[in-house]
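The values are calculated or read from the model by the stated rules, or taken from the named source; none is laboratory data. Everything numeric here is computed off the predicted structure, so don't read it as measured data. Positions of Cβ are generated from backbone atoms using ideal geometry, with glycine treated the same way; all protein chains shown enter the neighbour counts. Protein only, heavy atoms only, side chains kept; ligands, DNA and RNA dropped before computing areas. Shrake-Rupley method; radii C 1.70, N 1.55, O 1.52, S 1.80 Å.
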Amino acid sequence: MRTPPKLAVPFSAEAVTAEVRKLLRAAEVGSLVPTPKARILACARLVETGELDLAEYEQTLSEKASDCFYKAMKKVLGLLDRRTKRIYVDPQLHDSRKTFVTYHEVLHRIAPWQHIEYTEDDELTLNLGCDAVFECEANYGAADILFQCDRFETEARDYELSVASALLLSGKYDASCHSSLRQFAERNHRPCLLLVLKPTTRANAGGGMSFFISHSIPSTSFTVQFGDPFDRPFINPDHELGKILNNGQHGEIALSDLKGFRRQCAVECFTNQYSTFTLIHPRDVAPSRRQVLFRLPV
(Lines give C-alpha, C1' and ligand atoms only; values in the text may rest on other atoms or scores of the structure.)
Protein backbone atom coordinates (compact mmCIF):
# COMPACT_ATOMS: atom_id res chain seq x y z
CA MET A 1 0.00 0.00 0.00
CA ARG A 2 1.29 3.44 -0.91
CA THR A 3 1.68 5.75 2.07
CA PRO A 4 1.55 9.56 1.88
CA PRO A 5 4.99 11.21 1.67
CA LYS A 6 6.32 12.70 4.89
CA LEU A 7 7.88 16.12 5.20
CA ALA A 8 11.64 15.87 5.04
CA VAL A 9 13.74 17.14 7.96
CA PRO A 10 17.51 17.04 7.37
CA PHE A 11 19.84 15.30 9.81
CA SER A 12 21.68 18.62 9.87
CA ALA A 13 18.60 20.57 11.03
CA GLU A 14 20.37 21.95 14.11
CA ALA A 15 23.33 23.10 12.03
CA VAL A 16 21.01 24.74 9.49
CA THR A 17 19.11 26.57 12.24
CA ALA A 18 22.40 27.71 13.79
CA GLU A 19 23.44 29.29 10.48
CA VAL A 20 20.04 30.98 10.14
CA ARG A 21 20.27 32.39 13.67
CA LYS A 22 23.67 33.88 12.79
CA LEU A 23 22.13 35.46 9.69
CA LEU A 24 19.15 36.89 11.60
CA ARG A 25 21.49 38.40 14.20
CA ALA A 26 23.79 39.85 11.55
CA ALA A 27 20.80 41.36 9.74
CA GLU A 28 19.65 42.89 13.05
CA VAL A 29 16.18 41.49 12.52
CA GLY A 30 15.41 41.79 16.23
CA SER A 31 11.65 42.09 16.70
CA LEU A 32 10.93 42.96 13.06
CA VAL A 33 8.14 40.89 11.51
CA PRO A 34 7.91 39.92 8.70
CA THR A 35 11.56 39.08 8.10
CA PRO A 36 13.12 42.07 6.28
CA LYS A 37 14.20 40.50 2.99
CA ALA A 38 16.48 43.38 1.97
CA ARG A 39 18.52 42.99 5.16
CA ILE A 40 18.75 39.23 4.73
CA LEU A 41 20.00 39.57 1.15
CA ALA A 42 22.49 42.27 2.14
CA CYS A 43 23.94 40.14 4.93
CA ALA A 44 24.10 37.11 2.65
CA ARG A 45 25.82 39.41 0.11
CA LEU A 46 23.35 38.54 -2.60
CA VAL A 47 21.30 40.59 -5.02
CA GLU A 48 17.72 39.63 -5.88
CA THR A 49 16.97 40.60 -9.48
CA GLY A 50 13.25 39.88 -9.19
CA GLU A 51 13.14 38.10 -12.52
CA LEU A 52 14.22 34.81 -13.98
CA ASP A 53 15.96 35.78 -17.21
CA LEU A 54 18.44 33.02 -17.76
CA ALA A 55 19.19 33.60 -21.44
CA GLU A 56 22.64 35.06 -20.77
CA TYR A 57 23.50 32.16 -18.43
CA GLU A 58 22.15 29.28 -20.50
CA GLN A 59 25.33 28.74 -22.48
CA THR A 60 27.52 28.90 -19.37
CA LEU A 61 25.28 26.51 -17.47
CA SER A 62 25.09 24.03 -20.33
CA GLU A 63 28.87 24.06 -20.67
CA LYS A 64 29.78 23.79 -16.99
CA ALA A 65 26.94 21.82 -15.43
CA SER A 66 26.76 18.05 -15.63
CA ASP A 67 24.09 16.34 -17.68
CA CYS A 68 22.20 15.22 -14.59
CA PHE A 69 22.28 18.75 -13.18
CA TYR A 70 21.35 20.76 -16.25
CA LYS A 71 17.59 20.83 -16.76
CA ALA A 72 15.07 22.54 -19.02
CA MET A 73 15.28 26.24 -18.23
CA LYS A 74 11.56 26.86 -18.48
CA LYS A 75 11.06 24.69 -15.36
CA VAL A 76 13.55 26.56 -13.16
CA LEU A 77 11.89 28.69 -10.48
CA GLY A 78 15.01 29.98 -8.76
CA LEU A 79 18.74 30.19 -9.40
CA LEU A 80 21.75 31.13 -7.30
CA ASP A 81 24.83 32.22 -9.25
CA ARG A 82 27.79 32.39 -6.88
CA ARG A 83 29.97 34.14 -9.47
CA THR A 84 27.83 37.27 -9.57
CA LYS A 85 26.25 36.73 -6.12
CA ARG A 86 22.80 37.02 -7.68
CA ILE A 87 19.50 35.25 -7.06
CA TYR A 88 17.04 34.92 -9.90
CA VAL A 89 13.39 34.22 -9.08
CA ASP A 90 10.55 33.50 -11.48
CA PRO A 91 8.45 36.72 -11.64
CA GLN A 92 5.27 34.72 -12.28
CA LEU A 93 5.33 33.20 -8.80
CA HIS A 94 3.04 34.51 -6.07
CA ASP A 95 4.82 37.01 -3.82
CA SER A 96 4.92 34.66 -0.83
CA ARG A 97 6.29 31.88 -3.05
CA LYS A 98 8.96 34.25 -4.40
CA THR A 99 10.05 34.96 -0.83
CA PHE A 100 10.39 31.26 -0.01
CA VAL A 101 12.36 30.60 -3.22
CA THR A 102 14.64 33.54 -2.41
CA TYR A 103 15.35 32.26 1.10
CA HIS A 104 15.90 28.76 -0.29
CA GLU A 105 18.70 30.18 -2.44
CA VAL A 106 20.02 32.24 0.48
CA LEU A 107 20.48 29.06 2.53
CA HIS A 108 22.46 27.53 -0.33
CA ARG A 109 24.72 30.58 -0.05
CA ILE A 110 25.22 30.78 3.73
CA ALA A 111 25.62 27.08 4.58
CA PRO A 112 29.43 26.75 4.61
CA TRP A 113 29.33 23.07 3.67
CA GLN A 114 27.28 23.72 0.50
CA HIS A 115 30.04 24.69 -1.92
CA ILE A 116 28.07 24.75 -5.17
CA GLU A 117 28.83 27.18 -8.00
CA TYR A 118 25.28 27.07 -9.35
CA THR A 119 21.99 25.91 -7.88
CA GLU A 120 18.84 25.79 -9.93
CA ASP A 121 15.56 24.83 -8.32
CA ASP A 122 12.25 23.62 -9.66
CA GLU A 123 9.00 22.26 -8.21
CA LEU A 124 10.74 19.01 -7.26
CA THR A 125 13.60 20.51 -5.26
CA LEU A 126 11.33 23.14 -3.68
CA ASN A 127 8.87 20.49 -2.53
CA LEU A 128 8.93 20.20 1.27
CA GLY A 129 9.07 16.43 0.95
CA CYS A 130 12.31 16.55 -1.05
CA ASP A 131 14.92 14.34 0.62
CA ALA A 132 17.96 15.30 -1.50
CA VAL A 133 20.32 16.48 1.23
CA PHE A 134 21.25 20.00 0.09
CA GLU A 135 17.75 20.77 -1.17
CA CYS A 136 16.14 19.47 2.01
CA GLU A 137 18.50 21.70 4.00
CA ALA A 138 17.64 24.69 1.82
CA ASN A 139 13.90 24.13 2.27
CA TYR A 140 14.29 23.75 6.02
CA GLY A 141 16.49 26.84 6.21
CA ALA A 142 14.10 28.89 4.07
CA ALA A 143 11.31 28.14 6.55
CA ASP A 144 13.63 29.08 9.44
CA ILE A 145 14.39 32.45 7.81
CA LEU A 146 10.75 33.08 6.97
CA PHE A 147 9.42 32.16 10.43
CA GLN A 148 12.54 33.33 12.29
CA CYS A 149 13.32 29.90 13.76
CA ASP A 150 11.09 29.43 16.82
CA ARG A 151 9.48 32.91 16.87
CA PHE A 152 6.38 31.81 14.93
CA GLU A 153 6.13 28.72 17.12
CA THR A 154 6.31 30.79 20.31
CA GLU A 155 3.70 33.26 19.09
CA ALA A 156 1.36 30.47 17.97
CA ARG A 157 1.21 29.22 21.57
CA ASP A 158 -1.02 32.17 22.47
CA TYR A 159 -3.57 31.51 19.73
CA GLU A 160 -6.45 29.07 19.64
CA LEU A 161 -6.10 25.93 17.54
CA SER A 162 -7.83 27.03 14.37
CA VAL A 163 -7.22 27.60 10.69
CA ALA A 164 -8.08 31.26 11.25
CA SER A 165 -5.21 31.59 13.74
CA ALA A 166 -2.74 30.13 11.25
CA LEU A 167 -3.97 32.43 8.48
CA LEU A 168 -3.71 35.46 10.74
CA LEU A 169 -0.07 34.60 11.44
CA SER A 170 0.41 33.91 7.73
CA GLY A 171 -0.37 37.55 6.97
CA LYS A 172 1.86 38.77 9.77
CA TYR A 173 4.88 36.76 8.62
CA ASP A 174 4.23 37.38 4.91
CA ALA A 175 4.12 33.63 4.33
CA SER A 176 1.92 31.45 2.15
CA CYS A 177 -1.20 29.84 3.61
CA HIS A 178 0.30 26.40 2.98
CA SER A 179 3.60 27.03 4.75
CA SER A 180 1.90 28.81 7.67
CA LEU A 181 -0.62 26.04 8.24
CA ARG A 182 2.20 23.49 8.11
CA GLN A 183 4.32 25.44 10.57
CA PHE A 184 1.33 26.07 12.85
CA ALA A 185 0.51 22.36 13.10
CA GLU A 186 3.98 20.81 13.02
CA ARG A 187 5.50 23.09 15.69
CA ASN A 188 2.44 23.37 17.95
CA HIS A 189 2.83 22.27 21.58
CA ARG A 190 -0.78 21.03 21.61
CA PRO A 191 -2.05 17.88 19.89
CA CYS A 192 -3.18 18.71 16.35
CA LEU A 193 -2.93 17.26 12.87
CA LEU A 194 -2.93 18.96 9.48
CA LEU A 195 -3.91 16.93 6.43
CA VAL A 196 -3.05 18.33 3.01
CA LEU A 197 -5.50 16.79 0.57
CA LYS A 198 -6.01 16.63 -3.18
CA PRO A 199 -9.36 15.64 -4.74
CA THR A 200 -9.24 12.56 -6.94
CA THR A 201 -11.10 11.82 -10.18
CA ARG A 202 -12.62 8.65 -8.76
CA ALA A 203 -16.37 8.34 -9.41
CA ASN A 204 -18.30 7.52 -6.23
CA ALA A 205 -21.92 6.57 -5.68
CA GLY A 206 -23.89 9.69 -4.80
CA GLY A 207 -21.39 12.01 -6.43
CA GLY A 208 -19.19 12.54 -3.38
CA MET A 209 -15.47 13.22 -3.82
CA SER A 210 -12.55 11.11 -2.64
CA PHE A 211 -9.36 12.79 -1.46
CA PHE A 212 -5.71 11.75 -1.55
CA ILE A 213 -3.61 12.62 1.52
CA SER A 214 -0.54 14.23 -0.02
CA HIS A 215 0.88 15.20 3.40
CA SER A 216 0.02 14.29 6.98
CA ILE A 217 1.55 16.80 9.39
CA PRO A 218 1.09 16.04 13.11
CA SER A 219 2.40 17.92 16.10
CA THR A 220 4.66 15.84 18.33
CA SER A 221 2.03 15.64 21.08
CA PHE A 222 -0.60 14.46 18.58
CA THR A 223 1.62 11.56 17.49
CA VAL A 224 2.29 10.65 21.14
CA GLN A 225 -1.44 10.50 21.85
CA PHE A 226 -2.90 9.17 18.59
CA GLY A 227 -0.11 7.67 16.52
CA ASP A 228 -1.14 7.77 12.85
CA PRO A 229 -4.96 7.53 12.72
CA PHE A 230 -5.03 8.12 8.94
CA ASP A 231 -2.67 5.36 7.82
CA ARG A 232 -4.32 4.95 4.42
CA PRO A 233 -3.66 7.35 1.53
CA PHE A 234 -7.31 8.00 0.61
CA ILE A 235 -10.34 9.54 2.34
CA ASN A 236 -13.56 8.35 0.70
CA PRO A 237 -17.01 10.01 0.90
CA ASP A 238 -18.41 7.36 3.27
CA HIS A 239 -15.61 8.01 5.80
CA GLU A 240 -16.51 10.19 8.76
CA LEU A 241 -13.98 12.78 7.62
CA GLY A 242 -15.03 12.39 3.98
CA LYS A 243 -18.57 13.42 4.88
CA ILE A 244 -17.27 16.64 6.45
CA LEU A 245 -15.04 17.37 3.47
CA ASN A 246 -17.94 16.91 1.06
CA ASN A 247 -20.60 18.72 3.09
CA GLY A 248 -18.99 21.65 4.87
CA GLN A 249 -15.98 23.33 6.42
CA HIS A 250 -16.49 22.33 10.05
CA GLY A 251 -17.39 19.20 11.93
CA GLU A 252 -16.40 16.64 14.50
CA ILE A 253 -15.03 13.10 14.36
CA ALA A 254 -14.12 10.48 16.94
CA LEU A 255 -10.54 9.17 16.95
CA SER A 256 -9.13 6.34 19.06
CA ASP A 257 -6.04 7.31 21.03
CA LEU A 258 -3.21 4.87 21.70
CA LYS A 259 -4.81 3.89 25.02
CA GLY A 260 -7.93 2.73 23.20
CA PHE A 261 -10.20 5.59 24.27
CA ARG A 262 -12.43 7.31 21.73
CA ARG A 263 -11.95 11.07 21.79
CA GLN A 264 -14.02 13.71 20.07
CA CYS A 265 -11.97 15.90 17.75
CA ALA A 266 -12.82 19.15 16.03
CA VAL A 267 -12.37 19.31 12.26
CA GLU A 268 -11.88 22.53 10.30
CA CYS A 269 -11.29 22.71 6.56
CA PHE A 270 -9.82 25.37 4.31
CA THR A 271 -9.33 25.32 0.54
CA ASN A 272 -7.12 27.45 -1.65
CA GLN A 273 -6.70 27.07 -5.40
CA TYR A 274 -4.15 24.28 -4.94
CA SER A 275 -5.14 22.05 -2.01
CA THR A 276 -7.64 21.34 0.74
CA PHE A 277 -6.32 21.61 4.29
CA THR A 278 -7.93 19.91 7.28
CA LEU A 279 -6.94 20.81 10.83
CA ILE A 280 -7.92 18.22 13.46
CA HIS A 281 -7.49 18.48 17.23
CA PRO A 282 -9.11 17.05 20.39
CA ARG A 283 -12.00 19.06 21.77
CA ASP A 284 -10.55 19.04 25.26
CA VAL A 285 -7.36 21.04 24.60
CA ALA A 286 -6.53 23.82 27.04
CA PRO A 287 -8.07 27.23 26.19
CA SER A 288 -5.85 29.79 24.49
CA ARG A 289 -5.03 33.35 25.50
CA ARG A 290 -6.01 34.77 22.12
CA GLN A 291 -8.95 33.99 19.91
CA VAL A 292 -9.15 35.09 16.31
CA LEU A 293 -12.38 37.03 15.89
CA PHE A 294 -12.74 36.89 12.11
CA ARG A 295 -14.37 34.00 10.31
CA LEU A 296 -13.20 32.15 7.26
CA PRO A 297 -15.19 32.78 4.09
CA VAL A 298 -17.77 30.11 3.40
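Say whether the condition of being of a type in the set (Asp, Glu), out of contact with any Lys or Arg (no Cβ under 9 Å at 6 or more places or on another chain) and either surrounded by 15 or more Cβ atoms within 10 Å (Cβ to Cβ) or at pLDDT 50 or above (or both) is met by at least one residue in the range 17-27. Yes, there is a match, as at least one residue in the range 17-27 is of a type in the set (Asp, Glu), out of contact with any Lys or Arg (no Cβ under 9 Å at 6 or more places or on another chain) and either surrounded by 15 or more Cβ atoms within 10 Å (Cβ to Cβ) or at pLDDT 50 or above (or both).
Going residue by residue through the range 88-96, is there one that turns out to be outside any helix (DSSP H, G or I), at pLDDT 90 or above and of a type in the set (S, T, N, Q)? Checked against the condition, which is being outside any helix (DSSP H, G or I), at pLDDT 90 or above and of a type in the set (S, T, N, Q), the range 88-96 yields no hits at all. Residues of the range 200-245 that are buried (at least 18 other Cβ atoms within 10 Å of the Cβ) and of a type in the set (A, V, I, L, M): Met209, Ile213, Ile217, Ile235, Leu241, Ile244, Leu245. Looking at (1) open to solvent by less than 40 Å² (accessible area, probe 1.4 Å); (2) in a strand (DSSP E or B); (3) of a type outside the set (Ser, Thr, Tyr), which one does Ala138 not meet, given that it meets all the others? Every listed condition holds for Ala138 apart from (2). When Cys192 is tested against (1) surrounded by 20 or more Cβ atoms within 10 Å (Cβ to Cβ); (2) within 15 Å of the chain's Cα centre (by Cα), just one condition goes unmet, and that condition is (2). Please go through the range 179-203 and give me each residue that is touching a helix residue (DSSP H, G or I) at 6+ places or on another chain (Cβ under 9 Å) and in a loop (DSSP other than H, G, I, E, B), ordered by number. Passing the criteria: Arg187, Asn188, His189, Arg190, Pro191, Cys192. When the residues of the range 189-208 are filtered to those that are in contact with a Lys or Arg (Cβ under 9 Å, 6 or more places away or on another chain) and touching a residue at least 60 places away in the same chain (Cβ under 8 Å), the one that is farthest from Leu167 (Cα to Cα) is Arg190.
Restricting to the range 171-188, name every residue that is open to solvent by less than 10 Å² (accessible area, probe 1.4 Å), touching a residue at least 60 places away in the same chain (Cβ under 8 Å) and among the hydroxyl-bearing types (Ser, Thr, Tyr). Passing the criteria: only Tyr173. The listed residues are Gln249, Gln264, Gln273, and the only one of them that is over 11 Å from Ser162 (Cα atoms), at pLDDT 95 or above and open to solvent by 20 Å² or more (accessible area, probe 1.4 Å) turns out to be Gln264.
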